[in-house]
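Report on the structure given below.
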Amino acid sequence: MINTIVIAAAGNDSKSIDNFNQYPANYDNVLVVGATDASDKRAGFSNTGLRVDVWAPGDNVLMTASNNQD
């Protein structure tokens, strides 16, 4: 793919993605995002590892949803 950015979640297994294959996060040239909690610490469920490029809020994030669905 030319002139594209591929972004993927690190995953929600509380593991290091350096030690197991978590796709699409383990593909080359993918921007990998891990989840943080309200204290700006790694969310307990978020995968971690050297391949995680950026961290962003991912625990108890408020959202809008139709018909009161999550």
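The values are calculated or read from the model by the stated rules, or taken from the named source; none is laboratory data. A quick note: this is a predicted structure, and the numbers were derived from the prediction, not measured. Cβ coordinates were reconstructed from backbone atoms using ideal geometry, including for glycine residues, and neighbour counts include every protein chain displayed. These area figures cover heavy atoms from the full protein model, side chains too; ligands, DNA and RNA do not enter into them. Shrake-Rupley method; radii C 1.70, N 1.55, O 1.52, S 1.80 Å.
Phi angles across region 32-37 convert, under the Karplus curve 6.51 cos²θ - 1.76 cosθ + 1.60 with θ = phi - 60°, into 3J(HN,Hα) values of 9, 10, x, 9, 10, 9 Hz, Gly and Pro given as x. Taking other residues whose beta carbon is less than 15 angstrom from the beta carbon of THR48, and scoring Lys, Arg as +1 and Asp, Glu as -1, yields -2. For the chain, averaging the sequence separation of C-alpha pairs within contact (under 8 Å, six or more residues apart) and dividing by the residue count gives a relative contact order of 32 percent. Scalar couplings 3J(HN,Hα) for region 18-30, obtained by applying the Karplus form with A = 6.51, B = -1.76, C = 1.60 to θ = phi - 60°, are 6, 9, 8, 7, 10, 9, x, 4, 8, 5, 5, 6, 10 Hz; x denotes Gly and Pro.
Taking Cβ atoms as reference points and 10 Å as the exclusive limit, the residues near ASP59 contribute a net charge of +1, counting Lys and Arg as +1 and Asp and Glu as -1. Under the combined filter of DSSP loop state and at most 14 neighbouring Cβ atoms within 10 Å, the chain retains these chymotrypsin sites (Phe, Trp or Tyr not before Pro): PHE20, TYR27, PHE45. Each Lys and Arg contributes +1 and each Asp and Glu -1, all at the Cβ; summed about the Cα centre of the chain, the dipole is approximately 60 debye. Annotation: LYS41 carries an accessible surface of approximately 130 Å², with a 1.4 Å probe and no ligand, DNA or RNA atoms counted. Measuring only protein heavy atoms, the 1.4 Å probe finds THR4 accessible over about 70 Å². Once log10 I(q)/I(0) by the Debye sum over Cα atoms at q = 0.15, 0.26, 0.28 Å⁻¹ is calculated for the structure shown, the corresponding label among (i) -0.50, -1.39, -1.47; (ii) -0.49, -1.19, -1.27; (iii) -0.54, -1.07, -1.16 turns out to be (iii). How much net charge surrounds ALA35 when only the other residues with a Cβ under 15 Å from the Cβ of ALA35 are counted, with Lys and Arg +1 and Asp and Glu -1? For residues surrounding ALA35, the net value is -1. Relative to a virtual label point 7 Å from the Cα of PHE20 in the Cα→beta-carbon direction, which members of region 38-60 show backbone nitrogen distances below 17 Å? Residues passing the 17 Å test: 44-52.
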